[in-house]
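Down below is the structure, laid out as structure tokens.
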Amino acid sequence: MKPCVDLHLHTHYSDGTTSPADLLEIVRSKGLSAFAVTDHDTMDGYWAVRSMLRPTDPELVVGLELSVTVDGGDLHLLGYLFDPENMALITALAEFRLRRNQRARLMVQRLNDMGIEVSFEDVQQVAGEAPVGRPHVADALVSRGAVRSYDEAFEKYIRNGGPAYVAKKNFTPEDALNLLHDAGGVAMLAHPVIDDRERHLEMLVGMGLDGVEAYHPVHRQSDVERLKHAADRYRLLVTGGSDFHGRSSRYGLVGSQNVPVKHLDEIKLRAAQRRGMI
């Protein structure tokens with residue numbers, strides 16, 4: 001088997017259920033050449049995994065998944081190989097975390113107004129050290145017995161447009177791209193097929209997008225080929241990964257997408273060019 005990479009993994013520092021230590025053990029068992037922890041809007045999972053690395057471990061690639069709003073809808077950008085200690089990026093992520101907490105408090109208030117007994121403290125307990133998001137509200141509702149499952153919580157209360165839904169104040173595409181580029185990294189459109197985010201590709205290319213995630217568990221082979229052709233047309237990089245969350249209903253298993261190492265090599269070249277190293 002040719003060596004592969006998985007450049008899209010989540011821990012419990014965002015909306016995953018797996019600890020950094022457990023994720024690292026899984027990665028070790030898969031024979032990957034490299035992997036990226038791409039938690040949503042936080043670097044905490046990356047730093048935790050980095051602190052536990054052994055010399056014989058696969059390469060850890062600096063990564064992050066930023067939440068962006070376009071035309072009132074959500075869109076995600078994967079960032080790679082930026083400086084994780086860049087102060088502008090650190091400050092932006094800290095401010096984003098405060099906004100997420102405020103949003104969760106508003107959702108809890110709406111649930112309370114509907115007669116559902118759940119508190120922000122319940123949600124915080126579920127979230128632990130992660131920035132609070134809807135998955136944590138859903139898990140808190142399950143723990144409280146208000147719903148039977150995570151999926152029911154979303155469908156009944158906190159889905160987009162649901163009775164307890166509160167819109168996120170995300171990054172703009174320009175802000176997200178500038179943050180990643182100014183920190184010396186590259187920016188890629190995540191899982192373009194989900195919610196037809198592919199329709200924004202040309203606009204993002206005009207703003208300086210570097211690449212597109214072609215390999216993803218929800219992408220059929222025809223999607224992969226179409227996205228790779230689009231990458232050729234727009235001179236974009238290609239990335240991919242399992243989007244592992246540790247939840248049975250959330251995407252793939254670590255290493256499941258067999259992403260060729262050559263794509264990481266091309267990402268490294270682009271990042272080096274951006275930093276003036278080549």
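The values are calculated or read from the model by the stated rules, or taken from the named source; none is laboratory data. For clarity, every value in this text was computed on a predicted model and none was experimentally measured. Every residue, glycine among them, receives a Cβ derived from its backbone with ideal geometry; neighbour counts consider all protein chains shown. With ligands, DNA and RNA removed, areas are computed over all heavy atoms of the protein, side chains included. Shrake-Rupley method; radii C 1.70, N 1.55, O 1.52, S 1.80 Å.
Among residues of region 122-138 that are farther than 21 Å from Gly162 by Cα, those with a beta-carbon under 6 Å from a residue that is of a type in the set (D, E, K, R) and open to solvent by 10 Å² or more (accessible area, probe 1.4 Å) at least six positions away or on a different chain give the pairs Val126/Asp139; Pro131/Arg97; Pro131/Arg100.
In this entry, Leu111 is excluded by the filter for residues that are open to solvent by less than 10 Å² (accessible area, probe 1.4 Å), in contact with a strand residue (DSSP E or B) (Cβ under 7 Å, 6 or more places away or on another chain), part of a helix (DSSP H, G or I) and at negative phi.
Based on this model, can you work out whether Arg235 counts as among the charged types (D, E, K, R) and on the phi > 0 side of the Ramachandran plot? Yes; evaluated as a whole, the condition is true for this residue.
Looking across region 57-84, the residues that are open to solvent by 10 Å² or more (accessible area, probe 1.4 Å), among the acidic types (Asp, Glu) and within 25 Å of Ser33 (Cβ to Cβ) come down to Asp57, Glu59, Asp83. Of all residues in region 65-93, those that are under 16 Å from Ser14 (Cα atoms) have Cβ atoms under 6 Å from Cβ atoms of residues that are of a type in the set (Gly, Ala, Ser) and part of a strand (DSSP E or B), 6 or more apart or on another chain, in Leu77/Ala187; Gly79/Ala187. Among the residues in region 2-16, are any surrounded by fewer than 16 Cβ atoms within 10 Å (Cβ to Cβ) and under 25 Å from Gln257 (Cβ atoms)? Checked region 2-16: at least one residue is surrounded by fewer than 16 Cβ atoms within 10 Å (Cβ to Cβ) and under 25 Å from Gln257 (Cβ atoms).
Residue count for region 129-150, restricted to those that are hydroxyl-bearing (Ser, Thr, Tyr) and either assigned to a helix (DSSP H, G or I) or open to solvent by less than 10 Å² (accessible area, probe 1.4 Å) (or both): 2. With respect to (1) free of Cβ contacts under 8 Å to residues at least 24 places away in the same chain; (2) open to solvent by 10 Å² or more (accessible area, probe 1.4 Å), the lone exception for Ala153 is condition (2). Within region 108-119, identify whether any single residue is under 27 Å from Ala48 (Cα atoms) and not charged (D, E, K, R), and answer yes or no. So far as region 108-119 goes, no, none of its residues is under 27 Å from Ala48 (Cα atoms) and not charged (D, E, K, R). Looking at this structure, is Gly184 open to solvent by less than 70 Å² (accessible area, probe 1.4 Å), in contact with a Phe, Trp or Tyr (Cβ under 6 Å, 6 or more places away or on another chain) and not β-branched (Val, Ile, Thr)? Yes; evaluated as a whole, the condition is true for this residue. A single member of Leu53, Leu75 is outside any helix (DSSP H, G or I) and over 25 Å from Val166 (Cβ atoms), and it is Leu53. Being within 30 Å of Pro3 (Cβ to Cβ) and hydrophobic (A, V, I, L, M, F, W, C) is the filter here; which residues of region 53-88 pass it? Those that are within 30 Å of Pro3 (Cβ to Cβ) and hydrophobic (A, V, I, L, M, F, W, C): Leu53, Leu60, Val61, Val62, Leu64, Leu66, Leu77, Leu78, Leu81, Phe82. Taking residues in region 2-20 that are part of a loop (DSSP other than H, G, I, E, B), and partners anywhere that are of a type in the set (A, V, I, L, M, F, W, C) and surrounded by fewer than 24 Cβ atoms within 10 Å (Cβ to Cβ), the pairs with Cβ atoms closer than 6 Å and at least 6 places apart or on different chains are Pro3/Val261. For region 228-277, how many residues meet the condition of being under 19 Å from the mean Cα position of the chain (by Cα), buried (at least 19 other Cβ atoms within 10 Å of the Cβ) and not small (Gly, Ala, Ser)? Count: 13.
Considering Asp265, Asp223, which residue is more than 20 Å from Leu180 (Cβ to Cβ) and not polar (S, T, N, Q)?
Details: Asp265 fails: more than 20 Å from Leu180 (Cβ to Cβ).
Result: Asp223 is the single residue among Asp265, Asp223 that is more than 20 Å from Leu180 (Cβ to Cβ) and not polar (S, T, N, Q).
The residue that is nearest to the chain's Cα centre (by Cα), counting only those in region 89-108 that are open to solvent by 60 Å² or more (accessible area, probe 1.4 Å) and aliphatic (A, V, I, L, M), is Ile90. A Cβ distance below 7 Å, combined with a sequence gap of six or more or placement on separate chains, defines the contacts here; from region 96-117, residues that are touching a residue at least 12 places away in the same chain (Cβ under 8 Å) and hydrophobic (A, V, I, L, M, F, W, C) reach residues that are open to solvent by 60 Å² or more (accessible area, probe 1.4 Å) and part of a loop (DSSP other than H, G, I, E, B) in the pairs Met114/Pro163.
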